[in-house]
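These notes are about the structure you will find just below.
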Amino acid sequence: MGRTSDAKEKLLSVAFDLIHENSYGAVGLEQICKRARVNKGSFYYFFKTKTDLVVAAYEEHWRLKEPDYERIFSRQNPPLKRLALWCNYIREVQKLRHKKYKQVCGCPYTSVGGELATQDKKIRLKTRDLIDRHVKYLAEALAEAIKSGVAEPGDPEVKAQLVHAFVVGLLLRAKIYNDLKILNHLNAAIFNLIGAKKPKTKFS
């Protein structure tokens, strides 16, 4: 098995990669342990069930990408720039995953959440939690956009939920069609959704 110091980390990383590339139902514990080079006895030292591993793996994935969100949604950036940077980030992440997995994989959280929402309460609640974290960043940016007059008036929380739902849907479409070009107009669509004009300045 892997050293105790890195066995858990390997299990978390491999579980996320395999499930994101395939699906929860298509990936078994034996496959995860084999890829991670960790025996099942060691797996059960860290996790009681496959569900517990997946919940921990997705939490770890969020922990690793949260600094990117803090940078993108920094209050030093104007609210519309935050949204533009977020769109760029989504495309870049999908491009990297496409290069790694040789296919468009979509949103990892809602993919597993959608697969198991009616079957596994732990995963459903973890998916809800992760969605809510994304929506919180969006709602704060939209509240500032509305207050400053660069977006149409409305409830920023509701707008944030709609924006997030739209992006998840577009990612699902890109996954089904296996076509990254579907994400090319992400910025313009979101600005239209919130009632804001696309800024003349190109954000990067």
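Inter-label distance, residue 88 to residue 158: 3.2 nm, where each label sits 7 Å from its Cα along the C-beta direction. In the chain, taking the dipole from charged Cβ atoms about the Cα centre, the farthest positive-side position among 110, 127, 72 is held by 72. Straight-line cross-link reach from residue 95 at under 13 Å between alpha-carbon atoms covers these aspartates and glutamates, not counting any fewer than eight positions away in the same chain: 179.
Centroid-to-centroid, using Cα positions, segment 118-178 and segment 54-106 are 13 Å apart.
When the chain is treated as a GNM with alpha-carbon contacts under 10 Å, the residue of 156, 67, 108 showing the greatest mean-square fluctuation is 67.
Based on Cα contacts under 8 Å between residues 6+ apart, segment 4-193 shows a relative contact order of 20 percent. Neighbours of residue 174 by Cβ distance under 14 Å: Lys/Arg scored +1, Asp/Glu scored -1, total +4. When each of 102, 81, 34 is scored by the number of other beta-carbon atoms lying within 10 Å, the sequence from fewest to most is 102, 34, 81.
Taking 45, 58, 89 in turn, the Gaussian network model of the chain (Cα-Cα springs below 10 Å) assigns the largest fluctuation to 45. With a Förster radius of 22 Å applied to the beta-carbon distance between residue 180 and residue 34, the computed FRET efficiency rounds to 0.10.
Values in this text are rule-based calculations from the coordinates and carry no lab data. What you see is a predicted model; the values in this text were computed from it and never measured. Please note: Cβ atoms are built from the backbone with ideal geometry, for glycine as well, and neighbour counts cover all protein chains shown.
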